[in-house]
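Heads up, the thing below is written out as structure tokens.
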Amino acid sequence: KPEIKRRCRFWPACSNRNCKYVHPRQECQAHPNCSFGNNCIYVHPSDVPKIGAVIASRHSRRSKRKIDIVKLNNLERYLPPLHTPDDPALH
């Protein structure tokens, strides 16, 4: 649980398991009128490309570490849906 109510400057790619800063989980309800900008503890549309880059890099040689980064930074909801063997999209 974060101890400091300030956005982690390394989010969405923070790798510190003991990070004391906020890793945003929810979209900002005040956007586009949010006065906190990059310091907001919520997700803004401008964060989505950064989140996408972290998720896209999860298949690198150190994929386990990248998956941990996805979990550590609360990005699971941004992952593409998993396909099952019965999924018509695979046929």
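Here are a few things to note about the model shown:
- Using heavy atoms of the protein chains and a probe of 1.4 Å, the accessible area assigned to CYS19 is about 30 Å².
- With a simple spin-label model that places each label point 7 Å from the Cα along the Cα-to-Cβ direction, the separation between ASN39 and TYR78 comes to 2.2 nm.
- Label-point separation, ILE4 to GLU27 (7 Å along Cα→Cβ), nm: 2.9
- Our coupling estimate for the range 39-45, obtained by passing each phi through the Karplus curve with A = 6.51, B = -1.76, C = 1.60 and θ = phi - 60°, is 9, 5, 8, 10, 7, 10, x Hz, Gly and Pro reported as x.
The values are calculated or read from the model by the stated rules, or taken from the named source; none is laboratory data. Note that this is a predicted model, so its numbers are computed, not measured. Because the Cβ atoms are built from the backbone with ideal geometry, glycine has one as well, and the counts that use them run over all protein chains shown. Quick note on the areas: whole protein, heavy atoms, side chains included, nothing else; ligands and nucleic acids left out. Shrake-Rupley method; radii C 1.70, N 1.55, O 1.52, S 1.80 Å.
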